[in-house]
Amino acid sequence: MATINTDIAQKIDLVIRENNSASINLSIKDSNSNAFDLTGYTVKLNVYNGNETLFDHTSTGSGSTISFSTPANGLVSIFLTSAETSMLPGSYKYRIILEKGTSVKTWMYGKFKVNEN
(Lines give C-alpha, C1' and ligand atoms only; values in the text may rest on other atoms or scores of the structure.)
Protein backbone atom coordinates (compact mmCIF):
# COMPACT_ATOMS: atom_id res chain seq x y z
CA MET A 1 0.00 0.00 0.00
CA ALA A 2 1.35 3.42 -0.96
CA THR A 3 1.46 6.40 1.36
CA ILE A 4 0.89 10.02 0.41
CA ASN A 5 2.35 12.41 2.96
CA THR A 6 1.14 16.02 2.81
CA ASP A 7 2.80 17.01 6.10
CA ILE A 8 5.51 19.55 5.25
CA ALA A 9 6.26 20.56 8.87
CA GLN A 10 9.82 20.24 10.12
CA LYS A 11 10.59 19.58 13.78
CA ILE A 12 13.28 22.00 14.93
CA ASP A 13 13.83 22.86 18.58
CA LEU A 14 14.54 26.49 19.57
CA VAL A 15 16.54 27.52 22.65
CA ILE A 16 16.52 31.03 24.13
CA ARG A 17 17.63 32.61 27.41
CA GLU A 18 15.08 34.14 29.78
CA ASN A 19 14.94 37.96 29.93
CA ASN A 20 17.07 38.28 26.78
CA SER A 21 15.93 39.51 23.38
CA ALA A 22 16.26 36.98 20.57
CA SER A 23 16.25 37.05 16.78
CA ILE A 24 15.21 34.07 14.70
CA ASN A 25 16.12 34.44 11.03
CA LEU A 26 14.66 31.89 8.64
CA SER A 27 15.26 31.11 5.00
CA ILE A 28 12.20 29.14 3.92
CA LYS A 29 12.66 26.76 1.00
CA ASP A 30 10.43 24.40 -0.95
CA SER A 31 10.98 20.64 -1.34
CA ASN A 32 13.49 21.30 -4.16
CA SER A 33 15.57 23.64 -1.91
CA ASN A 34 14.44 26.70 -3.88
CA ALA A 35 13.41 29.87 -2.05
CA PHE A 36 9.73 29.76 -1.10
CA ASP A 37 7.97 32.93 -2.29
CA LEU A 38 6.22 34.37 0.78
CA THR A 39 4.56 37.24 -1.10
CA GLY A 40 1.00 37.54 0.21
CA TYR A 41 1.58 35.15 3.12
CA THR A 42 1.04 35.84 6.81
CA VAL A 43 3.57 34.22 9.14
CA LYS A 44 2.54 33.35 12.70
CA LEU A 45 4.58 32.23 15.70
CA ASN A 46 2.67 30.56 18.52
CA VAL A 47 4.37 29.56 21.80
CA TYR A 48 2.27 27.48 24.15
CA ASN A 49 2.25 25.16 27.14
CA GLY A 50 -0.52 22.58 26.86
CA ASN A 51 -3.73 24.53 26.27
CA GLU A 52 -2.24 27.83 27.48
CA THR A 53 -0.93 30.22 24.81
CA LEU A 54 2.07 32.14 26.13
CA PHE A 55 2.31 34.46 23.14
CA ASP A 56 1.26 34.81 19.52
CA HIS A 57 3.03 36.86 16.88
CA THR A 58 1.89 37.60 13.36
CA SER A 59 3.54 39.33 10.41
CA THR A 60 0.53 41.63 9.97
CA GLY A 61 -0.58 44.57 12.06
CA SER A 62 1.19 47.46 13.69
CA GLY A 63 4.03 46.67 16.06
CA SER A 64 4.60 43.26 14.50
CA THR A 65 7.88 41.61 15.43
CA ILE A 66 7.82 39.31 12.39
CA SER A 67 9.09 40.87 9.20
CA PHE A 68 10.03 39.78 5.71
CA SER A 69 13.53 40.73 4.67
CA THR A 70 12.70 39.74 1.10
CA PRO A 71 9.36 37.90 0.76
CA ALA A 72 10.09 36.60 -2.76
CA ASN A 73 13.32 35.03 -1.45
CA GLY A 74 11.65 33.35 1.54
CA LEU A 75 13.50 35.38 4.17
CA VAL A 76 11.71 35.96 7.50
CA SER A 77 12.92 37.55 10.75
CA ILE A 78 11.22 37.04 14.11
CA PHE A 79 12.25 39.28 17.01
CA LEU A 80 11.41 38.47 20.63
CA THR A 81 11.77 41.20 23.26
CA SER A 82 13.22 40.63 26.71
CA ALA A 83 9.71 41.13 28.13
CA GLU A 84 8.41 38.27 25.98
CA THR A 85 11.22 35.97 27.08
CA SER A 86 10.65 36.70 30.77
CA MET A 87 8.83 33.39 31.18
CA LEU A 88 9.88 30.74 33.67
CA PRO A 89 12.82 28.64 32.49
CA GLY A 90 11.63 25.33 31.13
CA SER A 91 10.43 23.56 28.04
CA TYR A 92 7.41 24.75 26.07
CA LYS A 93 6.17 24.13 22.52
CA TYR A 94 6.00 26.37 19.47
CA ARG A 95 4.81 26.35 15.88
CA ILE A 96 5.38 28.63 12.90
CA ILE A 97 2.42 28.78 10.55
CA LEU A 98 2.17 30.17 7.01
CA GLU A 99 -1.26 31.41 5.88
CA LYS A 100 -2.44 32.69 2.51
CA GLY A 101 -6.14 32.88 1.72
CA THR A 102 -7.65 29.61 2.91
CA SER A 103 -4.29 27.80 2.88
CA VAL A 104 -2.82 27.12 6.35
CA LYS A 105 0.50 25.26 6.69
CA THR A 106 2.47 24.47 9.82
CA TRP A 107 6.04 25.02 8.60
CA MET A 108 8.03 24.39 11.78
CA TYR A 109 7.26 23.10 15.25
CA GLY A 110 9.12 21.74 18.24
CA LYS A 111 10.34 22.49 21.72
CA PHE A 112 10.77 26.09 22.80
CA LYS A 113 13.33 25.82 25.58
CA VAL A 114 13.96 28.77 27.89
CA ASN A 115 17.31 28.62 29.73
CA GLU A 116 17.79 30.32 33.07
CA ASN A 117 19.54 33.68 32.93
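The values are calculated or read from the model by the stated rules, or taken from the named source; none is laboratory data. Computed from a predicted model, the values in this text were never measured in an experiment. Cβ atoms come from the backbone with ideal geometry, glycine included; neighbour counts cover every protein chain shown.
For segment 62-96, a residue qualifies if it is in a strand (DSSP E or B) and touching a Phe, Trp or Tyr at 6+ places or on another chain (Cβ under 7 Å), and the qualifying residues are LEU75, VAL76, TYR92, LYS93, TYR94, ARG95, ILE96.
Somewhere in segment 57-65, is a residue modelled with pLDDT under 90 and at positive phi? Among the residues of segment 57-65, at least one is modelled with pLDDT under 90 and at positive phi, which makes the answer yes. Screening ALA72 against (1) surrounded by 15 or more Cβ atoms within 10 Å (Cβ to Cβ); (2) among the hydrophobic types (A, V, I, L, M, F, W, C); (3) touching a residue at least 24 places away in the same chain (Cβ under 8 Å) leaves a single unmet condition, (1).
Within segment 1-10, not a single residue is crowded, with 16+ Cβ neighbours inside 10 Å and under 14 Å from the mean Cα position of the chain (by Cα). Restricted to segment 12-48, and to residues there that are of a type in the set (Asp, Glu) and over 13 Å from GLY74 (Cα atoms), the residue that is nearest to the chain's Cα centre (by Cα) is ASP13. Confirm whether VAL15 is hydrophobic (A, V, I, L, M, F, W, C) and surrounded by 12 or more Cβ atoms within 10 Å (Cβ to Cβ). Judged against the criteria, VAL15 is not a match. Going through (1) modelled with pLDDT of 90 or more; (2) under 30 Å from GLU116 (Cβ atoms); (3) not charged (D, E, K, R) one by one, THR39 falls short only on (2). Only a single criterion out of (1) under 22 Å from LYS93 (Cβ atoms); (2) assigned to a loop (DSSP other than H, G, I, E, B); (3) in contact (Cβ under 8 Å) with a residue 60 or more places away in the chain is not satisfied by GLY40, namely (1). Taking the criterion of being among the hydroxyl-bearing types (Ser, Thr, Tyr) and either closer than 15 Å to PHE112 by Cα or exposed (fewer than 14 other Cβ atoms within 10 Å of the Cβ) (or both), the residues of segment 42-69 that qualify are TYR48, THR53, THR60, SER62, SER67, SER69.
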